[in-house]
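S.K.: Handing you a structure now.
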Amino acid sequence: MSADEKALRPKFWETVPMAEMTTPEWEALCDGCGKCCMLKMENEDPPHEIAYTNIACRLFDEETCRCSSYAMRSVLVPTCIQLTPESIVGAREWMPKTCAYRLLADGEKLPGWHPLVTGDRNSVHSSGNSMRNATVPEYEVGEEDWYDYVIEEGH
Ligand code: SF4
Ligand code: SF4
């Protein structure tokens, strides 16, 4: 167990409001699914539904299912959404339905496969809830073909 993990309060995700979480707790909320790193499209017509593709951002590492340049992401990819307790309110629609930040912002519980619930960082992958080995890189797909890669719609 890392020093950061030891600093987490027991079941903080059920007891501590998002705005009062420590930085390690806030970061630990991320299940590592990688879904938010997929390219998304917003329908121009109301109700402006958002479609998720399995086309990965150019910084996404498919094996680790993580950003390959997390510290520099806002510089390298200006459209990357930086989640904070404040920004999740406006950004929730852009997050996948299983995203832990979106679920807590909506007053819902973490799913049973979330690493915080299972105590196993791998459970997001073994339960089939991550994008590990399920993506195509953005440089391989032209924008006109994005609709062929839609995997989730209707946020
Ligand atoms: S969708 Fe949410 S839980 Fe999944 S990787 Fe992105 S921020 Fe983390
Ligand atoms: S810059 Fe990194 S964190 Fe942001 S979408 Fe791309 S891979 Fe994900």
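The values are calculated or read from the model by the stated rules, or taken from the named source; none is laboratory data. Since this is a predicted model, take the numbers as computed values, not measurements. For neighbour counting, all protein chains shown are included, and Cβ atoms are generated from backbone atoms with ideal geometry for every residue, glycine included. Heads up: the accessible areas ignore ligands, DNA and RNA and are worked out on the full protein's heavy atoms, side chains in. Shrake-Rupley method; radii C 1.70, N 1.55, O 1.52, S 1.80 Å.
S.K.: Evaluate region 93-101: report whether one residue or more is buried (at least 17 other Cβ atoms within 10 Å of the Cβ) and more than 18 Å from ASN54 (Cα to Cα).
M.R.: Yes, because at least one residue in region 93-101 is buried (at least 17 other Cβ atoms within 10 Å of the Cβ) and more than 18 Å from ASN54 (Cα to Cα).
S.K.: Picking from SER126, SER74, SER130, SER69, which residue would you name as being open to solvent by less than 90 Å² (accessible area, probe 1.4 Å), under 26 Å from TRP13 (Cβ atoms) and away from ligand 1 (no atom under 12 Å from the Cβ)?
M.R.: Details: SER126 fails: open to solvent by less than 90 Å² (accessible area, probe 1.4 Å); SER130 fails: away from ligand 1 (no atom under 12 Å from the Cβ); SER69 fails: under 26 Å from TRP13 (Cβ atoms).
None of the other options fit; the residue is SER74.
S.K.: Which residues, taken from region 102-123, are assigned to a helix (DSSP H, G or I) and open to solvent by less than 40 Å² (accessible area, probe 1.4 Å)? Break it down stepwise before answering.
M.R.: Our first condition is that a residue be assigned to a helix (DSSP H, G or I); within region 102-123, this holds for 102-105, 115-118, 123.
Result: ARG102, LEU103, LEU104, PRO115, LEU116, SER123.
S.K.: Next question. Can you tell me which of GLU153, GLU138, GLU143 is within 16 Å of the chain's Cα centre (by Cα) and among the acidic types (Asp, Glu)?
M.R.: GLU153
S.K.: Of all residues in region 48-63, count the ones that are free of Cβ contacts under 8 Å to residues at least 12 places away in the same chain and either under 14 Å from the mean Cα position of the chain (by Cα) or surrounded by 12 or more Cβ atoms within 10 Å (Cβ to Cβ) (or both).
M.R.: Of region 48-63, the ones free of Cβ contacts under 8 Å to residues at least 12 places away in the same chain are 48, 61.
Filter again for either under 14 Å from the mean Cα position of the chain (by Cα) or surrounded by 12 or more Cβ atoms within 10 Å (Cβ to Cβ) (or both), leaving 61.
Residues that pass the stated criteria total 1.
S.K.: Please state which of the following conditions ASP45 fails to meet, knowing it meets all the rest: (1) within 24 Å of TYR149 (Cα to Cα); (2) in contact with a helix residue (DSSP H, G or I) (Cβ under 7 Å, 6 or more places away or on another chain); (3) open to solvent by 10 Å² or more (accessible area, probe 1.4 Å).
M.R.: (2)
S.K.: Further, regarding this structure: Considering only residues that are among the aliphatic types (A, V, I, L, M) and open to solvent by 50 Å² or more (accessible area, probe 1.4 Å), which ones fall in region 133-155?
M.R.: ILE151
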